[in-house]
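Asks: One structure follows; several queries about it will come next.
The values are calculated or read from the model by the stated rules, or taken from the named source; none is laboratory data. Since we're looking at a predicted model, the values are computed, not measured. Cβ placement follows ideal geometry from the backbone for every residue including glycine, while neighbour counts extend to all protein chains displayed.
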């Protein structure tokens, strides 16, 4: 198993569920033990498998983390990229990196997921007829 416990995984999933209460955006988390190549290339592959073009409003976000070599990426779909500021995402990654440097991977992901939900609710508010378009389970690879 990776360096995260079942409780950690459950806590991350709960953070996704909580973040999606206020936004129609979809948040996906994928965790791997190692990313041997370029993190953006690998995260891009995972993004297109799990998020890309799979939401009606193109408003999905992927949090990708490779634990052992501490590589991570946050990738958003086209609708989010068009609506939001790149400065938010850069600042968010720096905030998460502070947690990761202290080996607080779960806390870093929960922080990033929560801030993302808060930020996206003004661009993609939750609607009463909102459909959960992507699984909330943390995927492991």
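Asks: Given the criteria out of contact with any strand residue (DSSP E or B) (no Cβ under 8 Å at 6 or more places or on another chain), assigned to a helix (DSSP H, G or I) and surrounded by 15 or more Cβ atoms within 10 Å (Cβ to Cβ), does residue 91 qualify? Step through it out loud before you land on a result.
Replies: Values: out of contact with any strand residue (DSSP E or B) (no Cβ under 8 Å at 6 or more places or on another chain): yes; assigned to a helix (DSSP H, G or I): yes; surrounded by 15 or more Cβ atoms within 10 Å (Cβ to Cβ): no.
The answer is no for residue 91.
Asks: Would the stretch 2-24 turn up any residue that is part of a strand (DSSP E or B) and either modelled with pLDDT under 95 or closer than 22 Å to residue 125 by Cβ (or both)? I'd like the intermediate steps shown before the answer.
Replies: First, pick out the residues of the stretch 2-24 that are part of a strand (DSSP E or B): 23.
Then drop every residue that is not either modelled with pLDDT under 95 or closer than 22 Å to residue 125 by Cβ (or both), which leaves 23.
Within the stretch 2-24, one or more residues are part of a strand (DSSP E or B) and either modelled with pLDDT under 95 or closer than 22 Å to residue 125 by Cβ (or both).
Asks: If you don't mind, there's one more thing I want to ask. For the stretch 39-57, enumerate the residues that are in contact with a strand residue (DSSP E or B) (Cβ under 9 Å, 6 or more places away or on another chain) and either closer than 21 Å to residue 93 by Cβ or part of a strand (DSSP E or B) (or both).
Replies: Those that are in contact with a strand residue (DSSP E or B) (Cβ under 9 Å, 6 or more places away or on another chain) and either closer than 21 Å to residue 93 by Cβ or part of a strand (DSSP E or B) (or both): 39, 40, 42, 43, 44, 46, 47, 50, 51, 52.
Asks: Taking the stretch 14-35, which residues are within 21 Å of residue 4 (Cα to Cα), in contact (Cβ under 8 Å) with a residue 12 or more places away in the chain and surrounded by fewer than 18 Cβ atoms within 10 Å (Cβ to Cβ)?
Replies: Step one: of the stretch 14-35, the residues within 21 Å of residue 4 (Cα to Cα) are 14-19, 27-35.
Filter again for in contact (Cβ under 8 Å) with a residue 12 or more places away in the chain, leaving 15-19, 27-35.
Of everything in the stretch 14-35, those that are within 21 Å of residue 4 (Cα to Cα), in contact (Cβ under 8 Å) with a residue 12 or more places away in the chain and surrounded by fewer than 18 Cβ atoms within 10 Å (Cβ to Cβ) turn out to be 17, 18, 33, 34.
Asks: Still on this structure: All but one of (1) part of a loop (DSSP other than H, G, I, E, B); (2) under 17 Å from residue 138 (Cα atoms) hold for residue 112; state the number of the condition that does not hold.
Replies: Only one criterion in (1) part of a loop (DSSP other than H, G, I, E, B); (2) under 17 Å from residue 138 (Cα atoms) is unmet by residue 112, namely (1).
Asks: Now a separate question. Condition first: in a loop (DSSP other than H, G, I, E, B) and touching a residue at least 40 places away in the same chain (Cβ under 8 Å). Can you find one or more residues in the stretch 62-74 that meet it?
Replies: Residues of the stretch 62-74 that are in a loop (DSSP other than H, G, I, E, B), as a first pass: 67-70.
Filter once more, so that each one left must be touching a residue at least 40 places away in the same chain (Cβ under 8 Å): 67-68.
Within the stretch 62-74, one or more residues are in a loop (DSSP other than H, G, I, E, B) and touching a residue at least 40 places away in the same chain (Cβ under 8 Å).
Asks: Tally time: how many residues in the stretch 98-141 are free of Cβ contacts under 8 Å to residues at least 60 places away in the same chain, surrounded by fewer than 15 Cβ atoms within 10 Å (Cβ to Cβ) and in contact with a strand residue (DSSP E or B) (Cβ under 8 Å, 6 or more places away or on another chain)?
Replies: Going through the stretch 98-141 one residue at a time, the tally reaches 0.
Asks: For the stretch 115-141, which positions are within 15 Å of residue 9 (Cα to Cα) and touching a helix residue (DSSP H, G or I) at 6+ places or on another chain (Cβ under 6 Å)?
Replies: Restricting attention to the stretch 115-141, the residues satisfying the condition of being within 15 Å of residue 9 (Cα to Cα) are 135-141.
Selection gives 136, 138.
Asks: If you don't mind, another one. What are the residues in the stretch 43-54 that are over 9 Å from residue 77 (Cα atoms), crowded, with 20+ Cβ neighbours inside 10 Å and in contact (Cβ under 8 Å) with a residue 60 or more places away in the chain, if any?
Replies: Taking the stretch 43-54 and keeping what is over 9 Å from residue 77 (Cα atoms), we get 43-46, 48-50, 54.
From what is left, the residues that are crowded, with 20+ Cβ neighbours inside 10 Å are 43, 46.
Passing the criteria: only 46.
Asks: Quick one: how many residues across the stretch 62-80 are closer than 23 Å to residue 3 by Cβ and either buried (at least 22 other Cβ atoms within 10 Å of the Cβ) or within 14 Å of the chain's Cα centre (by Cα) (or both)? Don't jump to the end; show me each part of the working.
Replies: Initially, the stretch 62-80 is screened for residues closer than 23 Å to residue 3 by Cβ, giving 62-75.
Next cut, either buried (at least 22 other Cβ atoms within 10 Å of the Cβ) or within 14 Å of the chain's Cα centre (by Cα) (or both) only: 62-66, 71-75.
Count: 10.
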